[in-house]
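S.K.: Got a structure for you, questions after.
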Amino acid sequence: MAQTIVSDFVIWTKHIHGDAQIEKRILGLREGETLDLKVDGVVGTWNRMKDGKDGRPTPGIRPVGKAKDFWRELYDARRGDLVSLELLGPADLNGPQNTLTRTSDSKREALEAYLALSGQGWRSEGRTFDRDEMHER
C-alpha cells in the first residue's frame, strides 16, 4: 500500500511513496481521464490534471465530487501528514467500502435541493424601463 503527503489541493506523483504502480498508472492517464482511489480509507474519483500550456503533462491528479470535499477537509486538518493510498479496480468499487456511490435516496435529495432553487434568482420589484428610457434617448 502506498502513502502520499497531504501537501496541496491535489496529489502530485512525486509525493507518492511505497508503490510505483500507482505512480505509473497516474502518469499513464491522458488529460481529463479519471481513476478510483481509496485515500485514507475513503473511496473517491480522481481526475488527471490538464497538460501545461506548452504541452508538457502535469504529473498530478485532482479530486472530483465528494472526494474533493474529503480531500479539502483532510488538507485543512492534516496538512503535512502521510495518508494511505490504494489504487482500486472495477471489482473493488462494488464492495461495501465504497462510501461515495449514489443511492436512490441521495439522488432524490439532490433533486429536491435542485427544485427548491426555483424562484431564487434576482427579481426587481421596482419600476421597469424600456431601452430608450434607460439610456435617456
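Derivation of every value follows stated rules applied to the coordinates shown; laboratory data play no part. Just so you know, these numbers come straight off a predicted model, no measurement behind them. Heads up, the Cβs are rebuilt from the backbone with ideal geometry, glycines too, and the neighbour counts pull from every protein chain shown.
S.K.: Looking only at residues in region 14-43 that are over 16 Å from Gln3 (Cα atoms) and touching a helix residue (DSSP H, G or I) at 6+ places or on another chain (Cβ under 9 Å), which one is surrounded by the fewest Cβ atoms within 10 Å (Cβ to Cβ)?
M.R.: The residue in question is Leu27.
S.K.: Which of the residues belonging to region 30-52 are farther than 16 Å from Arg72 by Cα and without any contact (Cβ under 8 Å) to a residue 24 or more places away in the chain?
M.R.: Arg30, Gly32, Glu33, Arg48, Lys50, Asp51, Gly52
S.K.: In region 49-67, how many residues are charged (D, E, K, R) and under 13 Å from Asp8 (Cβ atoms)?
M.R.: Count: 1.
S.K.: Which residues, counting only those in region 102-112, are exposed (fewer than 10 other Cβ atoms within 10 Å of the Cβ) and under 20 Å from the mean Cα position of the chain (by Cα)?
M.R.: Thr103
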